[in-house]
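See below for the structure under consideration.
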Amino acid sequence: MAYPPAPWTLQGYSIQTLHLFDIAKVRSFVPSELEIISVLPGKTLGGIYAAFYGLGSTLTYSELIIVSAVTRYGGKFGTWISHLYVDNADSMEGGREIWGLPKELAQFRWELGERSGVNVHQGDQLLCSISYDWQLPQWRQPLSLPSFSALGSNLLSFEGKGEIGLSLIGVKVQIPVQSPFSTLGLDQPLLGFYGNQLRLVATAPVVIGERSVPFSESRL
């Protein structure tokens, strides 16, 4: 086993976006056992989370997370991550085998300056481009991010706990039509945030239920 056991400590910086998604569009990305929470008629919340984890982290890597819905199961609330990309093979294997997350390898190019952001590619294919051109003053915010995942026939629950310095930003998102998550409509975010001095602990998952068909097989 090349990857470390849970929990993982992650420290660095991030860009987040908040979106309204059509529930009809995201339903196929979410296990049927999870109830998708409606915040407006026919709409749920989701977004993009791109981060770099450096000094002080369990592993050093970048990641791109697509949260496609806010969901509920057995009285518990949590986000559902439909797509996840990292640039570290140990992170990919650990994410898949510990948390049941759909991690794939990709390449990240972070940019600083007048227009900051990140471009994420798989080979020659651009998956996502995020940039921002203004930023408001930062405030410190505690984090508690419950999520669900699926490992084989098991439904899992885990949490990201920590704190972050958040700034509201003027964010722009480009998602090519060939991107695996282009149908979600991520090019029009409601809000964008830059996170600095991020410290997050990803807890070990717990089994909260079973699926009659493993999620990966149900989507074939």
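Nothing in this text is a laboratory measurement; each read-out follows from the coordinates by a stated rule. Nothing here was measured: the structure is a model prediction, and the numbers come from that model. As a convention, Cβ positions derive from the backbone with ideal geometry for all residues, glycine included, and neighbour counts pool all protein chains shown.
If R0 is 25 Å, the Cβ-Cβ spacing of residue 112 and residue 199 corresponds to a FRET efficiency of close to 0.75. Think of it as helices only: each DSSP H run of n ≥ 4 in the chain is worth -39500 (n - 2.57), and spread over all residues that comes to -2000 deg cm²/dmol at 222 nm. In a reduced charge model with +1 at each Lys and Arg Cβ and -1 at each Asp and Glu Cβ, the chain shows a dipole moment near 460 debye about its Cα centre. Relative to the globular-protein estimate of 2.2 N^0.38 Å, the Cα radius of gyration of the chain stands at 0.97. Between 58, 183, 203, the GNM of the chain built on Cα springs shorter than 10 angstrom shows 183 fluctuating the most.
For a straight C-alpha distance cut-off of 22 angstrom, the lysines reachable from residue 103 (same-chain residues fewer than eight places away being disregarded) are 25, 161. Can you find, among 127, 174, 18, the residue farthest towards the positive end of the dipole of the range 8-218? Put +1 on the C-beta of Lys and Arg, -1 on that of Asp and Glu. Sorting the options by dipole projection puts first 18. Label separation (residue 144 vs residue 24): 3.6 nm, computed from points 7 Å beyond Cα along the C-beta direction. Rounded to the nearest 5, the antiparallel percentage of DSSP beta bridges internal to the range 8-218 is 95%.
Taking 0.36 nm per residue of separation and subtracting the Cα-Cα distance, what length does fully extending residue 125 through residue 183 add?
Working: separation 58, 0.36 × 58 = 20.88 nm, distance 1.62 nm.
Length gained between residue 125 and residue 183: 19.3 nm.
Full extension of the chain between residue 40 and residue 207 yields a length gain of 57.1 nm, computed as 0.36 nm times the residue separation minus the alpha carbon distance. Among 103, 172, 25, the residue with the largest mean-square fluctuation in a Gaussian network model of the chain, with springs joining Cα atoms closer than 10 Å, is 25. The distance linking the range 1-76 with the range 131-191 is 6 Å (Cα centroid to Cα centroid, whole angstrom).
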